[in-house]
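Below you'll find the structure, written out as structure tokens, and then a few comments.
Read-outs throughout are calculated quantities, based only on the coordinates presented, and are distinct from any laboratory measurement. Just so you know, these numbers come straight off a predicted model, no measurement behind them. Cβ placement follows ideal geometry from the backbone for every residue including glycine, while neighbour counts extend to all protein chains displayed.
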Amino acid sequence: MKQSAGLALVVMLMLLVIPQATAAEGIKDSESASHAADSASYALVDTYDYGKFKVMQFNLAVLSHYSYLLCSGKECLVVDPGRDVFAYLDHAAKEGLTIKGVLLTHSHADFVAGHMELAKTAACPIYASATGNQEFPHELLKEGTAVPLGSVVLKTIETPGHTPDGMTACVYNDPNDAAPVLLFTGDALFVGSVGRPDLMEGTMSAAELASMGFDTWTNKFSKFPDATVFFPAHGAGSLCGAHLSDKPFSTIGEERTSNHYFQYKTRSDYIAAVLDGLPEAPQYFKYNAAMNRKGPDLVDWNAPLPPEKTPDTALTDAGKIYVVDVRDAAAYAEGHIPNSVNIGIRGRFETWTGIMVPWKFPLAVTGSQEELKEALYRLHRVGYKADVISFDAWKQAGLVLAKSTPVKPRDLYQQMQDGTAPVIVDVRLPNEWMGLRVGNVVNLPLNHLAELSSKLDPKQPVVTVCNSAYRSSMGIGILERRGFQQVSSMDGGSEAWLNEGLPVFGNEKAQGTSGSVPKRIIPLPERISAADLKRLITDLPGTFDLVDIRPPEHYADYNLSGSRNVTIADLAGDPAFLTGAGPLVIVDRDGSLAMAVAGILSQKTARPIKALYGGLEAYWAETELNPAVREVPLQGGVSHSAPAVMPPPQPGLPVTPPSPAPAPKKKSAGC
């Protein structure tokens, strides 16, 4: 009774104390997750020490791009670098390392690679596939090619599927070892996914490449031991695949049981799964892939800003120039060059420019001097060049400004109730719109908004909506370029709508109901019984993640098979726990803290979050102590119901060993 009251109090406190703003966390997309200023710089994720060598992993969040320094002794190799290579040079210099080469796992399409920059700056060779049709000087990689580095050796294997020239670099402590320590898989294998096979522009069918990917997994990756670690070239948010996790690395064993695509065991089923539901590839991908095969031109990264374009109404001619305003949405709304499109510098600026601006179409960027410098720098990452005009220069010339007043969510809701609302256009992808929307609104995805706007009347007022207002602000300019005169964006997007506690709608057709029925999102954790968890562990291992949040000493004393010891801070703060195949199950001593943490995580993700009801005290009593009691014989072989003599329970809750925990020990419950 005491424990039930405690659990009820925890849930009540969660509902009262956690503001509804946290419900909006569940709809945050990869775009809104990359709005921080540091998302546009290469960040060192971690350094992984393997004894004879170490791996330095870098992440460029705005492109969801992972790249690496593989270091052994005083030598290092750069794997899949981005075009602005300064982070690799700086870290190599700090560590006293000599860059001995650049290794490309394939011809990247979503960014311009840095192989030519490093070959010049570090005077090192480039290693690339012998089948990639590259036009730059390089060392040929084939099946079994060995590349020595310090005291270790890399051996390459051909892993087509994403592209025909896919190569994986396998790192061995000794060339005679039976298995590698780790793999650099590029886009052939992601955490939770595989590289999409539909980027070859007619030179090879997607189905043919997907079939190659099936063989790559079946005949190569799946043959490695379960403990083999691999590092991919992309994480969640990349358009090089679907279902990518934001975990920075994984193991072959984890992917064997949890990767969405490897659950399909026949070639035809695998091909169908890989081809299903892929996001549309940005039009710039094919041009970046061609640049990378040819060898990108070197960039003068210290070049000053080019002379500004003269403020002139010619810049408003949508048929002759594409003006991108890189300021934030609020500044853009206050006043902007007519027919300019707001692609904010704080976000996935590179990718959205590549999606929206036709390749080689005249492009100019406007903003402050600092924003213009950053914009030109970052455009090099996707192969774009642009003219510049400072926004202040446009204003000082006294030329006309277009303005757009953002609509507050509550004001828009009231207009919807009064029947006075403008046409509301949700510019997100269809699956986002179907899953959660603010009412009976029309869905015109941003990447096709220009052509789909023909469905609308340009004389009527329009309000655009997305998750965070980044994309909806972009939609204003796109519609203005099509002749719309009264366009605004909903301030703060769906996240702000939820924060206001306003009703949302889901996919009623899928639920078998008619009409749009408003619903409130109240994400709550689920409770799982000891018996149900026992069945999961016994019958369905590998279909869920199990985390134990007790202190390490209690975890070491007693833990469940397949569990992982994690601190509460890490569990609540690491977004990797918000994604994954199957539910996340949290266990603690008595269930109270697990329920509280599960409640917090449930506000942030659609992933099922479960807390062990009664904690490990209940699990021990129901699944281990009780059976032990039943097995205690009396003299004469008659069973007895008295408790067996067991060690006394101890108080107990989280840290992070990378490998699965051992099977339960027949000791105390650590409770």
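Checking every one of the GluC sites (Glu not before Pro) in the stretch 389-489 against DSSP loop status and a limit of 12 other Cβ atoms within 10 Å picks out no site at all. Can you work out the FRET efficiency for the pair residue 395 and residue 621, with r the C-beta to C-beta distance and R0 = 60 Å, to the nearest 0.05? For R0 = 60 Å, the calculated efficiency reads 0.25.
For the stretch 32-275, the alpha carbon convex hull comes to 115 Å³ per residue, rounded to a whole number.
Compared with the direct C-alpha span, the chain from residue 176 to residue 576 gains 140.5 nm at full extension, assuming 0.36 nm per residue.
With a Förster radius of 22 Å applied to the C-beta separation of residue 219 and residue 540, the computed FRET efficiency comes to 0.20.
Within the stretch 154-294, antiparallel bridges make up roughly 75 percent of the DSSP beta bridges whose residues both belong there.
Annotation: extensible slack from residue 450 through residue 50 equals 138.9 nm (criterion: 0.36 nm per residue apart, minus Cα-Cα distance).
Oblate is the label for the stretch 119-167, because the ratio a/c of its alpha-carbon gyration tensor axes (a ≥ b ≥ c) is 1.5 or higher and a/b is not greater than b/c. The Rg/Rh ratio for the chain, using Cα coordinates for both the radius of gyration and the Kirkwood hydrodynamic radius, is 1.01. Simple spin-label estimate for residue 486 and residue 561 gives 6.7 nm between the two label positions (7 Å along the Cα-to-Cβ direction from each Cα). Which pairs in the list 286/385; 100/223; 74/120; 320/403; 54/610 are over 25 Å apart, alpha-carbon to alpha-carbon? Exceeds cut-off: 100/223; 54/610.
A simple rule links phi to the HN-Hα coupling: the Karplus curve 6.51 cos²θ - 1.76 cosθ + 1.60 with θ = phi - 60°, which for the stretch 82-87 gives x, 5, 8, 9, 5, 4 Hz, with x for Gly and Pro. Against the empirical curve 2.2 N^0.38 Å, the C-alpha radius of gyration of the stretch 523-585 lands at a ratio of 1.14. If Lys and Arg each add +1 and Asp and Glu each add -1, what is the summed charge of the other residues whose beta carbon sits under 13 Å from the beta carbon of residue 368? Around residue 368, the surrounding residues sum to -3. Please report the antiparallel percentage of DSSP beta bridges with both residues in the chain, rounded to the nearest 5. Antiparallel bridges make up about 45 percent of those DSSP assigns within the chain. Computed from the C-beta positions of residue 524 and residue 414, the FRET efficiency with R₀ = 22 Å rounds to 0.15. The calculated P(r) of the stretch 409-511, using every Cα pair and 5 Å bins from 0, goes 3, 13, 26, 26, 19, 10, 3, 0 in percent. Helical content alone sets the calculated 222 nm signal of the chain at -7500 deg cm²/dmol, taking -39,500 (n - 2.57) per DSSP H segment of four or more residues and averaging over every residue.
Derived scalar couplings between HN and Hα for the stretch 230-236 equal 9, 10, x, 8, 8, x, 3 Hz in order, rounded to whole Hz, by the Karplus curve 6.51 cos²θ - 1.76 cosθ + 1.60 (θ = phi - 60°), x for Gly and Pro.
Calculation over all alpha carbon pairs of the stretch 79-213 in 10 angstrom steps from 0 returns a P(r) of 12, 39, 36, 11, 1 percent. Counting DSSP beta bridges with both partners in the stretch 409-511, what percentage is antiparallel, nearest 5? Rounded to the nearest five, the antiparallel share is 10 percent.
With the charge dipole of the chain set up from +1 on Lys and Arg Cβ and -1 on Asp and Glu Cβ about the Cα centre, the Cα lying farthest toward the positive end among the listed residues 445, 57, 260 is that of 260. Go through 344, 332, 296 and say which Cα lies farthest out towards the positive end of the charge dipole of the stretch 295-381; charges sit on Cβ, +1 for Lys and Arg, -1 for Asp and Glu. Towards the positive end, the residue furthest out is 296. Using 0.36 nm per residue and subtracting the Cα-Cα separation, the extra length available between residue 265 and residue 431 on full extension is 57.1 nm.
The fraction of all Cα pairs in the stretch 300-396 landing in successive 10 Å bins from 0 to the largest distance is 16, 56, 27, 1, given as whole percents. Each Cα pair under 8 Å and six or more residues apart adds its sequence gap; the mean of these over the residue count of the stretch 32-275 is a relative contact order of 14 percent.
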